[in-house]
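Colleague: This is the structure I want to talk about, given as structure tokens.
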Amino acid sequence: MSIHATGRASRRLGAVAAFCLAVLSLAAAAQADSYPGRQIKIVVPFTAGSATDTAGRVLAHGLSARLGVPVVIDNKAGAGGTIGSASVAAAAPDGYTLVLTSSSTHSAAGALIAKVPYDGTEDFVHITRIASIPMMLVARPGLKVDSVAALQERSKQQPLSYAYGSAAARIAAATFNALAGVKALGVPYKSQPPAVTDLLGGQVDFLFADLSVVKSFVHSERLRGLAVSAPGRLKEFPNVPTLPELGYRNFDLVVWVGLAAPRGTPAGVIEKLAAEANEVLRDPLTVSKLSAAGMSVSPNSLDEHRKFAAEQKQIWMKRAEAAGVKPE
């Protein structure tokens with residue numbers, strides 16, 4: 001074949017490729033324009049009352065108003081949130097089945113479960129981060145400790161136990177115990193609310209939990225706040241010190257909640273969901289509701305959240321390994 005013929009063939013192939021890309025772009029745009037045409041389901045892989053559930057319901061309400069279709073919550077708890085998450089990974093990638101992601105299910109799950117039935121980054125398209133949530137270290141009043149130092153001393157005097165109701169809470173507690181030299185027996189729960197219930201009842205001595213789950217009990221003095229995992233003291237709890245100010249600067253775990261779709265969901269649909277979700281997150285009413293639940297809202301782009309999710313997975317896995325947490 002001559003050089004000229006080869007050049008003509010290359011130009012034809014280039015034209016065909018450009019045409020195909022244009023057709024695909026138009027199809028994606030048309031699909032995004034017609035989306036959504038029916039009810040959207042957001043799977044929350046934890047029980048009602050959890051921080052993830054609260055964030056999901058606030059977002060669903062806002063999305064429903066903006067998209068003009070019902071956006072419903074489907075609580076599908078079990079196996080540390082992996083059952084519900086796996087069901088979405090296997091769902092049709094059409095934008096009508098989404099999942100509330102979190103540090104427990106998409107950052108830390110692999111550190112605790114030997115065979116997680118999905119890949120937290122590869123099997124999902126991460127859409128947006130809804131909120132970050134400080135964790136609070138709390139103890140039952142009957143333990144009679146009012147500081148981290150007092151908890152350390154008490155652990156030398158008597159056997160202690162701590163509860164955890166999520167992967168994030170388990171790794172956070174294990175990391176703290178390793179850094180602080182606190183020896184205590186870990187007691188697992190299916191979710192955070194029942195773990196807190198048993199702490200209130202005196203069945204366990206302390207725990208790490210999302211601020212949204214324990215704040216009301218700290219306010220009512222039914223639990224004692226010892227420290228928070230935040231860069232600065234919280235306005236709502238000015239007398240509770242941060243872990244960094246107590247010297248635990250390696251405690252860099254971020255509890256987060258986000259929204260994702262199954263891998264393969266059309267780009268136009270993802271972009272529309274991201275844009276609408278971020279508009280919801282900019283709404284002062286949304287910010288007020290999530291702030292009242294102890295969550296910090298920060299609208300973010302698709303690229304920012306994808307990078308964040310990938311980085312957080314590495315951090316949580318690293319901290320779990322350093323704390324001696326092994327997958328089972």
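The values are calculated or read from the model by the stated rules, or taken from the named source; none is laboratory data. These numbers come from a predicted model, not from an experiment. So basically every Cβ, Gly included, is an ideal-geometry build from the backbone, and we count neighbours across all protein chains shown.
Colleague: So, in the range 253-274, exactly how many residues are buried (at least 16 other Cβ atoms within 10 Å of the Cβ) and either out of contact with any Phe, Trp or Tyr (no Cβ under 9 Å at 6 or more places or on another chain) or part of a loop (DSSP other than H, G, I, E, B) (or both)?
Modeller: Looking only at that region, the number is 9.
Colleague: Starting from the range 286-297, take each residue that is farther than 10 Å from Val58 by Cα and list its partners that are assigned to a helix (DSSP H, G or I) and of a type in the set (D, E, K, R), counting only C-beta distances under 6 angstrom and pairs at least six apart or across chains.
Modeller: Gly294/Lys215
Colleague: Let me ask another. Residues that are modelled with pLDDT under 95 and touching a Phe, Trp or Tyr at 6+ places or on another chain (Cβ under 6 Å): list the strands (runs of 3 or more DSSP E) wholly contained in the range 147-233 that include at least 3 such residues.
Modeller: By residue number, no strands (runs of 3 or more DSSP E) qualify.
For (1) out of contact with any strand residue (DSSP E or B) (no Cβ under 7 Å at 6 or more places or on another chain); (2) surrounded by fewer than 20 Cβ atoms within 10 Å (Cβ to Cβ), each residue gets a yes or a no:
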residue	(1), (2)
Glu153	yes, yes
Ala178	yes, yes
Leu185	no, yes
Pro194	yes, yes
Leu199	no, no
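Colleague: Something else: Taking the residues in the range 72-110 that are of a type outside the set (Gly, Ala, Ser) and in a loop (DSSP other than H, G, I, E, B) as candidates, determine which candidate is farthest from the chain's Cα centre (by Cα).
Modeller: My answer is Asp94.
Colleague: Follow-up. What's the number of the only condition in (1) under 21 Å from Leu302 (Cβ atoms); (2) surrounded by fewer than 19 Cβ atoms within 10 Å (Cβ to Cβ); (3) modelled with pLDDT of 95 or more; (4) not aromatic (Phe, Trp, Tyr) that Val72 fails to meet?
Modeller: Status for Val72: all satisfied but (1).
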